[in-house]
Amino acid sequence: MAQAASIAANKLIEFLASTDKGLGPTVAGLAADTGIALAPLPPEHIVNQNIPAALAEKASAVKYPVVHVYSDRIRNVLTEKFRTFSGKVRTVAEVRFSQDRAEGIEEQLRLYVEAVTQVLDANRGSWGQGAFFAGAYEVSYEPVQHGGRNFLQIARVSFEVDLSS
């Protein structure tokens, strides 16, 4: 079952880190369209890790914006009876953004989240290795808090991947 979580998270990281259709070019396009200056999101800022922001900052030097990708729930519902795993993997792309002022932090975070959802929309369908993404997702925002460069806000884009192996 651990392999199911790895498949979904690794495929999402592959899509987000893509140099031609991933977060980098998508963020650049949104910045140009809206006229809001957004820091680039290089592939090394997309990590496969589920760690609280405060602990991540204590453990290493974190550069914002950053996207943490992980699977937080796996359900083997055996929709295909003779498979080892046939079910759903809930995967999360957690976008963290920090700056020195509270003004404008939410607007910029929303644009980074928009970039993540655009990448998801562009990758509906089969992800290979028995994974299939139908296109539905949910976004939740946390309130601005102290952390990072002074103020930190986190948004989670969660969705389910159907997996059969």
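Here are a few things to note about the model shown:
- Lys pairs under 28 Å by Cα in the chain, provided they are eight or more residues apart or on distinct chains: 6
- With Rh defined as the Kirkwood radius, the inverse of the mean 1/r over Cα pairs, the Rg/Rh of the stretch 1-81 is 1.08.
- With loop membership from DSSP and a limit of 15 other Cβ atoms within 10 Å, the longest segment of the chain without GluC sites (Glu not before Pro) is 1-79.
- Tilt relative to the chain, helix 23-34 - C-alpha long axis, 0 to 90 degrees, to 10: 50 degrees
- Taking the Cα centre of the stretch 66-144 as origin and assigning +1 to Lys and Arg Cβ atoms and -1 to Asp and Glu Cβ atoms, the resulting dipole is close to 660 debye.
- Farthest positive-ward along the chain dipole, Cα basis, beta-carbon charges - from His45, His146, Gly29: His45
- Here's the picture: a label point sits 7 Å out from the Cα of Ala39 along the beta-carbon direction, and within the stretch 104-122 the residues with their amide nitrogen under 18 Å of it are 104-116.
- Using Cβ point charges alone (K and R +1, D and E -1), the dipole size of the chain about the Cα centre works out to roughly 540 debye.
- Rounded to the nearest Hz, the phi-derived 3J(HN,Hα) couplings of the stretch 6-17 under the Karplus curve 6.51 cos²θ - 1.76 cosθ + 1.60 (θ = phi - 60°) are 5, 4, 5, 5, 5, 5, 5, 4, 4, 5, 5, 8, where x marks glycine and proline.
- Relative to the current alpha-carbon distance between Asp72 and Leu55, full extension at 0.36 nm per residue lengthens the span by 4.3 nm.
- Whole-Hz ³J(HN,Hα) from phi, Karplus 6.51 cos²θ - 1.76 cosθ + 1.60, for the stretch 84-100, glycine and proline x: 5, 10, 8, x, 10, 10, 7, 10, 10, 10, 9, 9, 10, 10, 9, 7, 7
- Estimated 222 nm signal from helices in the chain, with DSSP H stretches of n ≥ 4 weighted -39500 (n - 2.57), rounded to 500: -10000 deg cm²/dmol
Read the figures in this text as sums done on the coordinates, not as results from a lab. This one's a predicted model, so the numbers in the text were calculated from it and none came from an experiment. Because the Cβ atoms are built from the backbone with ideal geometry, glycine has one as well, and the counts that use them run over all protein chains shown.
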